[in-house]
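Visitor: Okay, here's the structure, questions in a sec.
The values are calculated or read from the model by the stated rules, or taken from the named source; none is laboratory data. Being a predicted model, the structure only gives us computed values, none of them experimental. We place every Cβ from the backbone using ideal geometry, glycine too, and count neighbours over all the protein chains shown.
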Amino acid sequence: MVYVIIPAFNEQNAVCNVLSEIPKDLVKEVIVVNNGSTDNTVEQALSCGATVLDELRKGYGFACLKGIDYLKNKPIAGSDVVVFIDADYSDYPAEMPNLVEPIRKGKADLVIGSRALGKKEKGSMTPQQVFGNWLATILMKLFYNAEFTDLGPFRAIRFDQLLQLNMKDTTYGWTVEMQLKAAKHGLKCMEVPVNYRKRIGKSKVSGTVKGTIMAGYKILWTIFKYL
C-alpha cells in the first residue's frame, strides 16, 4: 500500500489541485498536515478527500513528523510505501507511480524525484535554489559518498526504512537529513526524473531573502552535523 504525506501552510489555492491528481488506484490514504494555516487550507483539503492533521508548531519537518506519527498508529506493513509531496502544485502528482515502482520491485528503499534530471518550467526554481541543491549534493557525495542530484521534496520510501532513519529535523533540513541518513544506513537509493513547474502562490522559503538564507544555513549545518 501507498500512503501520502503532504505538509501544507496556507495552500488553499493549490492543495486540491494536488489531491485531484494523485493516482487513486495507487494510494490507500492521503494525509494533509496543516502547519498552522490561517486560510482555508483545512476546509479545501477535507472537501477533496484528504485526512487532515493539525501541527501548530511551524516547520516543514514538524509537519512531516506529525504525518509519520499518525502512520505509526495504523496497521501498516514495513514494505508499504510513504510518499512525500508538497502542497503547492509545483510537482506532478501523476508521476507518483514512477517513484513507487522501484520500491515495489525491490530495486530501491528510497526514491528521490530529481528536478535536475527532469524538465523544469522556466522560473520554477530560483538561481539560489539551483545553486543550493548543487552545493548540497556535491557535499553529500564528498562526505557521505551519496549519489544524488537534487534535494527534491517529491520522494518515496519504504515505511520500515523511514522509521529506521529516526528523522529528527523540524524545519529546512528535513530533505537532506533523510538522504544523508539513508546513505549512512546503507539504504538502496535511486533517483527518477520528475518535472517541475511554477508553484501556485509565493514560496515561504525561496520567496523571501530570510527564508532562503535560513534554509541554506540549515541544510549545510545538517550535512556537517551528521559527519
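Visitor: Return the residues of segment 54-86 that are hydrophobic (A, V, I, L, M, F, W, C) and farther than 20 Å from Met178 by Cβ; say none if nothing qualifies.
Guide: Of the residues in segment 54-86, the ones hydrophobic (A, V, I, L, M, F, W, C) are 56, 62-65, 68, 71, 76-77, 81-85.
Those that are hydrophobic (A, V, I, L, M, F, W, C) and farther than 20 Å from Met178 by Cβ: Leu56, Ala77.
Visitor: In segment 62-81, is there at least one residue being part of a strand (DSSP E or B), of a type outside the set (Asp, Glu) and over 22 Å from Lys218 (Cβ atoms)?
Guide: Start the filter on segment 62-81 by keeping residues that are part of a strand (DSSP E or B), which leaves 81.
Those still in the list that are of a type outside the set (Asp, Glu) too: 81.
Subset that is over 22 Å from Lys218 (Cβ atoms): 81.
For segment 62-81, residues part of a strand (DSSP E or B), of a type outside the set (Asp, Glu) and over 22 Å from Lys218 (Cβ atoms): present.
Visitor: Sort out which residues of segment 111-127 are basic (Lys, Arg), assigned to a loop (DSSP other than H, G, I, E, B) and touching a strand residue (DSSP E or B) at 6+ places or on another chain (Cβ under 7 Å), and write them in order of number.
Guide: Selection gives Arg115 alone.
Visitor: For the structure I just gave you, tell me whether Met167 is in contact with a Cys (Cβ under 9 Å, 6 or more places away or on another chain) and under 25 Å from Leu56 (Cα atoms).
Guide: Details: in contact with a Cys (Cβ under 9 Å, 6 or more places away or on another chain): yes; under 25 Å from Leu56 (Cα atoms): yes.
When the stated conditions are applied, Met167 passes them.
Visitor: Let me ask something additional. When segment 5-20 is examined, which residues are found to be in a loop (DSSP other than H, G, I, E, B) and either farther than 15 Å from Gly61 by Cα or of a type in the set (A, V, I, L, M) (or both)?
Guide: Hits for segment 5-20 are Asn10, Glu11, Gln12, Asn13, Ala14.
Visitor: Which residues, taken from segment 21-44, are farther than 13 Å from Ile85 by Cβ and in a helix (DSSP H, G or I)?
Guide: Correct list: Thr41, Val42, Glu43, Gln44.
Visitor: Give me a count of the residues in segment 172-198 that are among the hydrophobic types (A, V, I, L, M, F, W, C), touching a residue at least 60 places away in the same chain (Cβ under 8 Å) and not in a strand (DSSP E or B).
Guide: Filtering segment 172-198 down to residues among the hydrophobic types (A, V, I, L, M, F, W, C) leaves 174, 176, 178, 180, 182-183, 187, 189-190, 192, 194.
Applying the additional criterion that residues be touching a residue at least 60 places away in the same chain (Cβ under 8 Å) yields 174, 178, 182, 187, 189-190, 192, 194.
If we keep only those that are not in a strand (DSSP E or B) as well, we get 174, 178, 182, 187, 194.
Matching residues across segment 172-198 total 5.
Visitor: Give the residues of segment 38-78 that are of a type in the set (Ser, Thr, Tyr) and surrounded by fewer than 21 Cβ atoms within 10 Å (Cβ to Cβ), sorted by residue number.
Guide: Going residue by residue through segment 38-78, those that are of a type in the set (Ser, Thr, Tyr) are 38, 41, 47, 51, 60, 70.
Correct list: Thr38, Ser47, Thr51, Tyr70.
Visitor: Going through segment 75-104 one residue at a time, which ones are without any contact (Cβ under 8 Å) to a residue 60 or more places away in the chain and of a type outside the set (A, V, I, L, M)?
Guide: Pro75, Glu101, Arg104
Visitor: Also, I was wondering about something else. Got a sec? Which of Gly201, Gly207, Gly216, Gly132 is part of a helix (DSSP H, G or I) and modelled with pLDDT under 90?
Guide: Gly216
Visitor: Okay, next question. Looking only at segment 199-216, count every residue that is touching a residue at least 12 places away in the same chain (Cβ under 8 Å) and either closer than 17 Å to Gly59 by Cα or buried (at least 22 other Cβ atoms within 10 Å of the Cβ) (or both) and tell me the total.
Guide: 8
Visitor: Test of understanding: among Ala94, Ala87, which residue is small (Gly, Ala, Ser), assigned to a loop (DSSP other than H, G, I, E, B) and under 30 Å from Val52 (Cα atoms)?
Guide: So the residue among Ala94, Ala87 that is small (Gly, Ala, Ser), assigned to a loop (DSSP other than H, G, I, E, B) and under 30 Å from Val52 (Cα atoms) is Ala87.
Visitor: Does Asp169 meet the test of being under 20 Å from Asp69 (Cβ atoms), among the acidic types (Asp, Glu), part of a loop (DSSP other than H, G, I, E, B) and in contact (Cβ under 8 Å) with a residue 24 or more places away in the chain?
Guide: yes
Visitor: Return the pair list, or none, for Cβ contacts closer than 7 Å from residues in segment 32-50 that are over 16 Å from Glu21 (Cβ atoms) to residues that are modelled with pLDDT of 95 or more and in a helix (DSSP H, G or I), at least 6 apart or on different chains.
Guide: Sorted first by the residue in segment 32-50, then by its partner, the pairs are Val33/Ala63; Val33/Lys66; Val33/Gly67; Asn34/Thr41; Asn34/Val42; Asn35/Phe62; Asn35/Ala63; Thr41/Val15.
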